[in-house]
2 protein chains.
Amino acid sequence: MEHTELSDGDGFLTEEDKEAIGRRIPVKEYAKGTVLLREGEVARESYFVLKGCVRCYYIIDGEERTTAFYTENESAAALSSYARQSPSTHFMQCVEDCTLSVLTHENEQALIKEFPGFAALCRSSMEVGFGRSQDELAVYITRSPEERYQHLQDTRPELLQRIPQYHLATYLGVKPESLSRIRKRLANR
Amino acid sequence: MEHTELSDGDGFLTEEDKEAIGRRIPVKEYAKGTVLLREGEVARESYFVLKGCVRCYYIIDGEERTTAFYTENESAAALSSYARQSPSTHFMQCVEDCTLSVLTHENEQALIKEFPGFAALCRSSMEVGFGRSQDELAVYITRSPEERYQHLQDTRPELLQRIPQYHLATYLGVKPESLSRIRKRLANR
């Protein structure tokens, strides 16, 4: 998290602490197409998106299946790999040129030791992300592909403009032809 | 979390702190069938399952659609409602008699103020749960109902014994008849 992005509603950190923490979390630029993590690698870093879009995907029987898009002010992390330092089951890639703040486990632990309030801030931010992930899973389980497309239109309309259609199709779990049909049907309403 | 359940790999809390925290988080018993949270209510509590099973479900067009089962040593919380104190979009119900430790927002904030290391512990535990939720979403997006059933068999075999078939069917996104067919097919292999 860049220091300007640090929000701390619960007041566990002073302004000086927040600035000091912000200076200790490096911000890096990545070109479109950069693969941040490969299947089988251990995630050593977690990211916070300042600009751009990170895609999470699996390769199943030789085909890419997208499971998440992370954009501005969202955390992008392969958490089960990062938390347990075990091999990742998926890939993470920059779909656009990205500006990310990059946190390693070591840096995170050091910051928490030095600034105990940082853990409270991470906890809050993770709570929001976790809640969003629960909601997404629920939408996936309870809705049809067309309803999921409409849900994206309602909740993340900018994503539909930014993401190539073939990524969007695998994310919705349909063939690109079906996605075209869904779009046409909804446009004609 | 009951004090015996507190694990703190990162060493941010002393043993005395952990015991003191454990004593401050009430443990409650709930009868099978108890609804912990209803659609439209704000989640005031988050739970940690010491014994039993909590089910999360939506009602869509009059039908229940299950999106999660939480069992021993898992957190069970409607996080997007709990984190933002906004109305919940789903229900939470005890599928078995349950023993849960119950944390309110106020208690959580008070404990973090008093024991800054508690936030680090919550952060770690949330990281693991969040990672699991990401994995589940990925399984849902990338696998067929039959493959999802097999995945449950591999990763949570006890769940298949504990959960009524009609809940399991809505969780897998199939009709009960299809679930019977899947089970027969797999049994005949």
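The values are calculated or read from the model by the stated rules, or taken from the named source; none is laboratory data. Predicted, not measured: the structure shown is a model, and the values here were computed from it. Cβ atoms come from the backbone with ideal geometry, glycine included; neighbour counts cover every protein chain shown.
A few comments on the model shown:
- Candidates A:Ala43, A:Ala110, A:Ala68, filtered to the one that is under 23 Å from A:Arg24 (Cβ atoms) and either surrounded by fewer than 21 Cβ atoms within 10 Å (Cβ to Cβ) or within 9 Å of chain B (Cβ to nearest Cβ) (or both): A:Ala110
- Residues (touching a Phe, Trp or Tyr at 6+ places or on another chain (Cβ under 8 Å) and either touching a residue at least 40 places away in the same chain (Cβ under 8 Å) or not aromatic (Phe, Trp, Tyr) (or both)) located in segment A:48-59: A:Val49, A:Gly52, A:Cys53, A:Val54, A:Arg55, A:Cys56, A:Tyr57, A:Ile59
- When residues in segment A:112-146 are screened for being out of contact with any strand residue (DSSP E or B) (no Cβ under 8 Å at 6 or more places or on another chain) and aliphatic (A, V, I, L, M), 6 of them pass.
- Pairs with Cβ under 6 Å, 6+ apart, first in segment A:13-40 and assigned by TED's automatic domain parsing to the domain that holds A:Leu121 and farther than 25 Å from B:Pro116 by Cβ, second of a type in the set (Phe, Trp, Tyr) and surrounded by 14 or more Cβ atoms within 10 Å (Cβ to Cβ): A:Arg38/A:Phe91; A:Glu39/A:Phe91
- Unmet criterion (only one of (1) at pLDDT below 90; (2) out of contact with any Ser or Thr (no Cβ under 9 Å at 6 or more places or on another chain); (3) more than 21 Å from A:His90 (Cα to Cα)) for B:Ser180: (1)
- The condition (being within 13 Å of chain B (Cβ to nearest Cβ) and over 30 Å from A:Phe12 (Cβ atoms)) is satisfied by just one residue among A:Arg143, A:Arg162, A:Arg132, A:Arg123: A:Arg143.
- Here B:Gly22, B:Gly9, B:Gly40 are screened, and the one residue that is modelled with pLDDT of 95 or more and not in a strand (DSSP E or B) is B:Gly40.
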